[in-house]
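What follows is a short report on a single structure.
The values are calculated or read from the model by the stated rules, or taken from the named source; none is laboratory data. Quick caveat, the model's predicted, so the values are computed rather than measured. When we count neighbours, we look across all protein chains shown, and the Cβ atoms used for this are built from the backbone with ideal geometry, even at glycine. What goes into the accessible areas is simple: the full protein's heavy atoms, side chains included, and nothing from ligands, DNA or RNA. Shrake-Rupley method; radii C 1.70, N 1.55, O 1.52, S 1.80 Å.
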Amino acid sequence: MSEHPVVRTTEGLVRGRWEPRRGQDQRSGQEQRQPERQPEQREGRDLAVFRGLRYAQPPVGALRFAAPVEPESWEGVREAAAFGPVVPQSGPMPTGAGQASEDTDWLTLNVCTPDPGTAGLPVLVWIHGGGYMSGASADPLYDPTALASAGLVVVTVNYRVGAEGFALLEGAPANRAFLDQIAALRWVRRNIARFGGDPARVTVAGQSAGAGSVAALLVMDAARSLFRRAVAHSVPGTHCTPALAAEVTAELAKLVGTAPTAAALAEVHPWRLASAVTELGAALPEHLARWGRLAQSGIATVPVVDGEVLPGSPWSALTDGVELLVGHTRDEFRPFSVLSGRHGGFTEEEARLALDLSAPPPDGPDAYRAAFPGATPSELLETVNSDALFRVPSLRLAEANAAAGGTSYLFELALTAPALGGAFGACHGLDVPLAFGSLDSPMARQVLGDQPPPEVFRVSAEMREAWVRFATTGDPGWPAFDPDGQLTRVLDARSETVRYPEQATRRIWAGHPLTAYDLR
């Protein structure tokens, strides 16, 4: 084995690093259950890891707010040992995976491969979450070691978030973040065979905003030929109309003292603009009367159904189905109430407002109270927000994909996170460290604790095996979903395949389309 792996990409040579495979969980010492090894895998060989590979030129200067431009070629060998710089971050909890810097080489990706000398391994391209305003591929939560050790070539991607990626600007394309993701997938199509991957077996995957990105890619013609399968965990229902997006941009421009155009905002430092997104997010309650559901969501910069880059909401615009693994957690909204200190303490008035804004009109609020007659105000608020933000959009994506001729596999994660005496429940984001096997990451420790019980490792192994099987064969290991049987894998201490468990939610939302957020 050479000292460092070197691969020739279409732009030039890159030098990565050899890193050990993960054969067992580093905290428990327990052997992890692995899927059946593919014939082309080599037992005992280290992983080849390449970080900070540029898939597009830095989107600054003349390229600020532009569609991504392919990277330039170079001579010699470029080192690929370090992650690329973090994209400007917004929100109350921006990623801890990097700090603000003047390095603007944001559009990078990372490749972790079991064997760059082999051809034809299945590929998983991971799009991180973060509320469309934060996140980075360098986060330890997305450590690809366990997945690559199981036989996948894993690609993790940085893309523009917040105003850089999603603000609707006069003179710039909409949804630049999605264009970045397509550029990364094109890089994968050109280059992944050189890293041991099969460009015809690419699975695009994501959670939360990453799942929303996956859902959007499903209805974008420019993206569909670039991947074969899709994984979407906790698909958010947060899209907005151009009219609402224009008002958001106007408010952002006021905060930085300039006009709401691409040319004017290009003069604002990217991290200052990211800070303005954070300021606007904190002030969203002031806009409740006019911005409605967007203000309630807490996220100012979300994908725009502009009719061009994003032709429509995925639940209505999906006409060509794929092999899709999709699901949600049981208690999606719980971490937002726990981390804000409000869990169990929401008032009747707050519950009423949440039902009025988020339940399907006109009878949704009454339907929720009838379906959950003994629920406290906090329980009602968490239930309707879990449904509107993640559970119903995830279910509807499974239904829309099946109706479009695809094959959908649905799951619900019902394992209660053990930290804080189980207060987090089966919370939003819990599925990510379970699937990656990154149980030692800071986020995982926050919800799983320092010594997770054995069932955590069992569910982690099951979810990771489902990912590897699905990316390899298109079948995660349980029956496909259809509107009649509604078969769903419930992942828990004792997992089982049952009829979709959230039947009350399904009945309440029946016949109500998911629509983009609009002005009230």
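Key figures
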| quantity | calculated |
| --- | --- |
| Some residue of segment 157-176 being over 24 Å from residue 253 (Cα atoms) and of a type in the set (Ser, Thr, Tyr) | no |
| Among (1) surrounded by fewer than 21 Cβ atoms within 10 Å (Cβ to Cβ); (2) of a type outside the set (D, E, K, R); (3) modelled with pLDDT under 95, the one test that residue 91 misses | (1) |
| Residue match in segment 318-331 (condition: in contact with a Cys (Cβ under 7 Å, 6 or more places away or on another chain) and either of a type in the set (Ser, Thr, Tyr) or surrounded by fewer than 16 Cβ atoms within 10 Å (Cβ to Cβ) (or both)) | yes |
| Pair list, Cβ under 8 Å, 6 or more apart: segment 507-520 residue hydroxyl-bearing (Ser, Thr, Tyr), other residue open to solvent by 70 Å² or more (accessible area, probe 1.4 Å) | 517/293 |
| Some residue of segment 385-400 being assigned to a strand (DSSP E or B) and modelled with pLDDT of 95 or more | no |
| Matching entry among 450, 484 (being more than 20 Å from residue 146 (Cα to Cα), open to solvent by 10 Å² or more (accessible area, probe 1.4 Å) and assigned to a loop (DSSP other than H, G, I, E, B)) | 484 |
| Considering residues of segment 362-380 that are of a type outside the set (Ser, Thr, Tyr) and touching a residue at least 40 places away in the same chain (Cβ under 8 Å) only, the residue surrounded by the most Cβ atoms within 10 Å (Cβ to Cβ) | 364 |
| Of all residues making up segment 455-467, the number that are open to solvent by 10 Å² or more (accessible area, probe 1.4 Å) and either touching a helix residue (DSSP H, G or I) at 6+ places or on another chain (Cβ under 7 Å) or within 17 Å of residue 206 (Cβ to Cβ) (or both) | 0 |
| Long-range neighbours under 6 Å by Cβ, at least six apart or interchain, first residue closer than 16 Å to residue 216 by Cα and in a helix (DSSP H, G or I) within segment 180-198, second aliphatic (A, V, I, L, M) and open to solvent by 10 Å² or more (accessible area, probe 1.4 Å) | 182/222; 185/226 |
| Scan of segment 193-225 for residues that are surrounded by fewer than 21 Cβ atoms within 10 Å (Cβ to Cβ) and either among the β-branched types (Val, Ile, Thr) or more than 26 Å from residue 429 (Cβ to Cβ) (or both), ordered by number | 193, 194, 198, 199, 200, 221, 222, 224, 225 |
| All positions within segment 289-317 that are assigned to a helix (DSSP H, G or I) and in contact (Cβ under 8 Å) with a residue 12 or more places away in the chain | 289, 290, 291, 293, 294, 296, 297, 314, 315, 316, 317 |
| Unmet requirement for residue 495, which otherwise passes all of (1) free of Cβ contacts under 8 Å to residues at least 60 places away in the same chain; (2) closer than 29 Å to residue 405 by Cβ; (3) in contact with a helix residue (DSSP H, G or I) (Cβ under 7 Å, 6 or more places away or on another chain); (4) open to solvent by 50 Å² or more (accessible area, probe 1.4 Å) | (4) |
| Hey, residue 284 crowded, with 19+ Cβ neighbours inside 10 Å and either at negative phi or of a type in the set (S, T, N, Q) (or both) or not | no |
| Test: residue 77 is under 22 Å from residue 142 (Cβ atoms), at pLDDT 95 or above and either hydroxyl-bearing (Ser, Thr, Tyr) or touching a strand residue (DSSP E or B) at 6+ places or on another chain (Cβ under 7 Å) (or both) | no |
| Residue count for segment 398-444, restricted to those that are acidic (Asp, Glu) and either open to solvent by less than 30 Å² (accessible area, probe 1.4 Å) or closer than 19 Å to residue 467 by Cα (or both) | 2 |
| Verdict on residue 190 being modelled with pLDDT of 95 or more, of a type in the set (D, E, K, R), over 18 Å from residue 471 (Cβ atoms) and open to solvent by less than 10 Å² (accessible area, probe 1.4 Å) | no |
| Criterion: modelled with pLDDT of 95 or more, open to solvent by 10 Å² or more (accessible area, probe 1.4 Å) and in a loop (DSSP other than H, G, I, E, B) - qualifying residue of 246, 259 | 259 |
| Inter-residue pairs, beta-carbon under 8 Å, first free of Cβ contacts under 8 Å to residues at least 12 places away in the same chain and in segment 210-234, second among the small types (Gly, Ala, Ser), 6+ apart | none |
| Any chance residue 351 is buried (at least 18 other Cβ atoms within 10 Å of the Cβ) and of a type in the set (Gly, Ala, Ser) | yes |
